[in-house]
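Notes follow the structure.
The values are calculated or read from the model by the stated rules, or taken from the named source; none is laboratory data. Note that the structure is a prediction, hence the values are computed from the model and not measured. Positions of Cβ are backbone-derived with ideal geometry, glycine not excepted, and every protein chain shown enters the neighbour counts.
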Amino acid sequence: MGFLDSLKAKIGPARDKVSDLAQQHGDKIEQGLDKAARTVDEKTKGKYSDKIGTGTDKAKGALGKLAHKDDGTPPQAPPPPPAS
């Protein structure tokens, strides 16, 4: 067994644990990300708003990937309601 194989074997359970936590507390984590982004934006007086927004969106995307144990694709959106 090579170094990378043993490393992957050790990281697997940790990834599962992080995935479970992301599923259970995803909404709280997103709220924390939003709060942190607002605070940083206020401290920088809006100078880096676009970069802060981009970073927050990427962090939320990574959180979404962690929360799904399947192949990493985001869940499908529900179909729109039928027109009446």
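Brief remarks on what is shown
- So Asp5, is it surrounded by 13 or more Cβ atoms within 10 Å (Cβ to Cβ) and either modelled with pLDDT under 85 or out of contact with any Leu (no Cβ under 8 Å at 6 or more places or on another chain) (or both): no
- Residue in the range 38-55 that is at pLDDT below 85 and part of a helix (DSSP H, G or I) present: no
- Lys60 being loosely packed, with under 12 Cβ neighbours inside 10 Å, among the charged types (D, E, K, R) and either modelled with pLDDT of 85 or more or in a helix (DSSP H, G or I) (or both): no
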